[in-house]
Each structure stands twice: as C-alpha cells, then as structure tokens.
Amino acid sequence: MIFPDLFAEYKTLVDKADKAFKKMEGEYGHLIPCRIHCCDCCYAIFGLFLIEAIFLNHFFNNLNRKERREAIIRSEKADAKMLQVKDKLNETFPDDPKMQIYGLGKQRARCPLLDDKDECILYEHRPITCRLYGIPTSINGKASVCGKTGFQKGIAYPTFDLDKVYKELYSLSKQLLQQARCQNLGKATLLISVSKTIKTSLTNLIKEEFE
C-alpha cells in the first residue's frame with residue numbers, strides 16, 4: 001500500500017525545509033554547529049504525523065534485515081526507558097496531565113535509527129523535524145532552537161514557521177486515511193513515535209487504533 005501522489009507532496013515539504021536550512025546556514029553558518037556525528041537532535045522526543053510515519057516505515061522496510069533488527073532492539077530499550085519515565089511522571093503529577101506532558105518533553109531518548117557510529121540509518125529520509133533542528137523555528141508564535149547553536153536571546157533571527165508545515169502534514173495525513181478508506185479520520189491529528197513507526201506494519205499504522 002503505497003501513496004505516490006501523497007509521497008510527492010510530502011517531499012515538496014521536505015524540500016522546503018531543506019532549502020530553509022541551507023538559506024539559514026548560508027547567512028548564519030557561524031552560529032550553526034551541525035556536522036557529521038553531531039547527534040543532539042537524535043535524542044529529542046517528538047512525534048510524526050501519519051504521512052511522515054508511513055513514509056519512514058516504507059524506507060525502513062527497504063533496509064537489510066540486520067539493520068532493521070538492530071534498530072528494533074534499540075527501540076525496545078528506548079520504549080522501556082520511556083515507560084519508566086511516564087510511570088514516574090504519573091506518580092508525581094497524578095492529576096495534572098499538562099505537567100506530565102511538560103515533563104515528558106524535557107526527557108531525552110536516543111532515536112532507534114541512530115546506529116553505534118552515531119549515524120542515522122535513514123538519514124536521506126529523515127523527518128522534517130530532524131532537518132530543521134539546528135535553526136530557529138516557531139510553534140504557536142513561540143521560537144525555539146537547539147541549545148548547541150550560537151543564536152542568542154534578545155536578537156531577532158528569521159524563524160521557520162512549523163505551524164504551517166504541521167497544517168500541511170495534517171492535511172496529507174487526512175488524505176492518506178481517506179485514500180486507505182479508513183473510517184477514523186481523527187487519526188490524522190495523532191503523533192506517532194519513531195519507535196512505533198518502525199515496529200508496526202504499514203497496514204497497521206493506518207488501520208490500528210492507538211493513542
């Protein structure tokens with residue numbers, strides 16, 4: 001079950017992200033320390049829209065068996081760690097889901113796609129979030145940037161508007177569900193972890209009900 005038309009539209013968004021990064025790199029390269037084996041972004045916790053998850057899943061399944069198996073093992077370890085963190089946050093803030101989410105966002109977890117050489121095994125197909133990590137971005141009007149960069153508070157810099165991209169990713173995810181004749185279009189709003197993305201079959205990512 002492949003969606004070539006939606007994949008093409010998704011790649012257009014990827015190209016926009018890459019161009020934005022290159023433009024910032026050209027103007028503020030001295031403030032952006034991104035380099036080979038710099039993997040700070042690979043420990044950030046974030047979710048994927050369904051279109052991103054399906055895209056990543058497709059290329060993950062094109063890897064050789066050894067690479068897939070090792071990534072799955074890494075994902076199991078990461079999931080076990082995150083489960084412990086979630087349990088602790090539930091105990092600390094039993095009646096405050098916002099604080100639970102806030103606390104989870106402060107955690108660090110190694111991406112299962114990061115191998116023992118600190119290289120991404122799906123670098124060419126990495127999500128948009130990964131492609132923009134080293135430059136200033138904004139969500140709901142609030143700017144953020146990697147702490148390893150040289151961008152300073154109080155100084156205005158161009159920022160990449162993630163809200164617009166998220167709206168387009170949501171739209172593509174909804175179209176994907178419609179093409180797959182999935183009844184629950186609400187899944188287009190859900191974010192899926194990289195770990196779940198690579199451990200779940202493409203069909204189940206679309207059909208399965210999960211949080």
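Readers should treat all values here as calculations from the given coordinates under stated rules, not as data from a laboratory. In this text, all values refer to a predicted model and were calculated from it rather than measured experimentally. As a convention, Cβ positions derive from the backbone with ideal geometry for all residues, glycine included, and neighbour counts pool all protein chains shown.
What about A71, is it of a type outside the set (D, E), touching an Asp or Glu at 6+ places or on another chain (Cβ under 9 Å) and either exposed (fewer than 11 other Cβ atoms within 10 Å of the Cβ) or assigned to a helix (DSSP H, G or I) (or both)?
The answer is yes for A71.
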For T92: the one exception among (1) touching a helix residue (DSSP H, G or I) at 6+ places or on another chain (Cβ under 8 Å); (2) under 29 Å from S171 (Cα atoms) | (2)
When you look at A20, is it in contact with a Pro (Cβ under 9 Å, 6 or more places away or on another chain), touching a residue at least 24 places away in the same chain (Cβ under 8 Å), farther than 24 Å from L185 by Cα and not basic (K, R), yes or no?
-> yes
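Yes or no, residue by residue, for (1) closer than 27 Å to L114 by Cβ; (2) surrounded by 13 or more Cβ atoms within 10 Å (Cβ to Cβ); (3) touching a residue at least 24 places away in the same chain (Cβ under 8 Å); (4) among the aromatic types (F, W, Y):
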residue: K153; (1), (2), (3), (4): no, no, no, no
residue: K167; (1), (2), (3), (4): no, no, no, no
residue: K174; (1), (2), (3), (4): no, yes, no, no
residue: A180; (1), (2), (3), (4): no, yes, yes, no
residue: T189; (1), (2), (3), (4): no, no, no, no
residue: V194; (1), (2), (3), (4): yes, yes, yes, no
residue: T197; (1), (2), (3), (4): yes, yes, yes, no
residue: L202; (1), (2), (3), (4): yes, yes, yes, no
residue: K207; (1), (2), (3), (4): no, yes, yes, no
Does A20 qualify as being farther than 22 Å from K207 by Cα and out of contact with any strand residue (DSSP E or B) (no Cβ under 9 Å at 6 or more places or on another chain)?
-> no
